[in-house]
1. Relative to the longest principal Cα axis of chain A, at what angle does helix A:364-391 sit, 0 to 90 degrees, rounded to 10?
2. Angle between the Cα long axis of helix B:105-115 and the longest principal axis of chain B, 0 to 90 degrees, nearest 10?
3. If we count other beta carbons within 10 Å of each Cβ, what is the order of B:226, A:312, fewest first?
4. Pairs of Cα atoms under 8 Å, at least six residues apart: use those to get the relative contact order of chain A, whole percent.
5. Once the Cβ-Cβ distance between residue A:201 and residue A:343 is put in as r, and R0 is 56 Å, what FRET efficiency do you end up with, to the nearest 0.05?
6. How many partner chain Cβ atoms sit within 10 Å of a residue's Cβ in peptide B:91-104, on average, as a whole number?
7. Between residue A:25 and residue A:292, what FRET efficiency comes out of the Förster formula 1/(1 + (r/R0)^6) with R0 = 25 Å and r the beta carbon distance, rounded to 0.05?
8. How much of the DSSP beta bridge set in the protein assembly as shown is antiparallel, as a percent to the nearest 5?
Ligand SMILES: Nc1ncnc2c1ncn2[C@@H]1O[C@H](COP(=O)(O)OP(=O)(O)O)[C@@H](O)[C@H]1O
Ligand SMILES: [Mg+2]
């Protein structure tokens, strides 16, 4: 026996291939959407991995520092550092902002980390080029995705920083590349007030008899000095000693400090289940719609192809072809369309993924799942045409 | 001569009660192998209904049909697989060739033996031999769309013959042809009937070819009348 489906496809391959390519682009979009979601999850994982922390200590009852604002006094780290099971503890600040660079601006997450000691949590774990920050001020390490180069000077708020090192895959949960500063510099950047605000604040202090008691000018000066600096951090990152149990250490910190502590698992659930959840549902909706559209296209094409062959199908049935053979022919054509579409889609998605502004992670497992979904959709979509073909009466081949 | 097909008292009523249409009211026919007979009659007389009953695509209401040695209908179907019956015992020729456009000429003919389970090489060999016999062997590798109308008709005749059925049903096979070609087709059918020892029933209202049949069945209001052509 010969493959009727194969012969039919070869006979009209132009139309078939064009349809397959169109379907393929749609499948490519679908795979990319899944890749966008995987990229977001991977960005979140990278953020947690690269922070180097086992525990995140944040302001009490907040989901900080990534999902909600959190503010702690930097001295919070001291008692924590002294606790059993704690290896290291370091304050960090996070601030997402636009930074002007060579005429355009780049969205970055400015990270303030304790740079005095190498290996403190919060620092970039590895550098691609250059060196780590060694001076307390005006040096920065940037993720390559910022487009900054070593030696570049970038302005963050009022100060200019020199890029001394480059790192990679250091991104915020939103996919923005990181710019590392020393904690002090980052605190200044985060809490700096502009000159007008300082002038107004000073005028208010000066006019308050409590803050500026007559005859004691030093009081107002002290108040002003206190208001102009900040020693807050957004979180304290904690690593636990080898062999210590992170959950137990977290419980101990919770017991003794008025703070909220998250473990790695807690943090993942905050980032992935809470922050990304809506985007995931959004993408899920798109996937469902794209699946329906693909199914409609396949169903429509296969149905038109079948309706165009009604006469031939009647003849085939009259001369003794089984319904099963004819249904098989239609199913094979639908699957063939799916196969072309999947191949084109996979190639297209791999081709255009790097051009997306955010990380698109194409997992082979997703492709495999996509393949089976495509084949399933094609099978379903062929049912309509198969139904029409089964209904064809062989008597139709004999003129009325 | 051995009998190709015999029909006894065949009745077909569409619907029932007040709306019943008595399309066939008792048809009697017998065609020997090697013989070509015409089936004529005015529009609505029951020609297509008879052809569909013979072709086992609609079920008669009563009567008997025998193809070769097989009683296929006797008040009810006597064979279980009508599809196989059509494939193995009946050849069909239509008004238009109705070739499968995506199969080449050889495979259009070889499809039937293939459907009957013959290996592709055997089926194709049989097809090519038959195409040669019908003078279209040189177009064996062409696609149907590349053939002339006459060549397509020959291929469709080869397809009807390939499983060596005891009977071939031809439904207005000359309708679209001019008289020279129409007569050539009838000649061809006559020689094929003799060569392959098959009974051929040609449904037609084509005045050009009616005189060529030695024997005719004229059907009127569902009843056949046998006629002889004196020439
Ligand atoms: N499927 C059907 N249902 C009801 N009546 C039918 C059907 N097919 C044909 N008929 C009727 O049967 C009669 C014979 O029709 P048909 O066999 O097509 O005649 P012919 O082919 O000689 O023109 C006509 O009266 C026609 O209207
Ligand atoms: Mg008719």
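Bear in mind these aren't lab numbers, they're just calculated from the coordinates by the rules spelled out. Note that this is a predicted model, so its numbers are computed, not measured. Counting neighbours? That spans all protein chains shown, and the Cβs are built from the backbone with ideal geometry, glycine included.
1. That works out to roughly 30 degrees.
2. 60
3. On the way: B:226 12, A:312 21.
In order of increasing Cβ crowding within 10 Å: B:226, A:312.
4. 28
5. Details: r = 65 Å, r/R0 = 1.16.
Using R0 = 56 Å, I get an efficiency of 0.30.
6. Values: counts 1, 7, 0, 7, 3, 3, 1, 8, 2, 12, 8, 11, 6, 2.
The mean count of partner-chain Cβ atoms within 10 Å per residue comes to 5.
7. Working: r = 16 Å, r/R0 = 0.65.
Using R0 = 25 Å, I get an efficiency of 0.95.
8. On the way: 60 of 87 bridges.
Bridges in the protein assembly as shown that DSSP calls antiparallel: roughly 70 percent.
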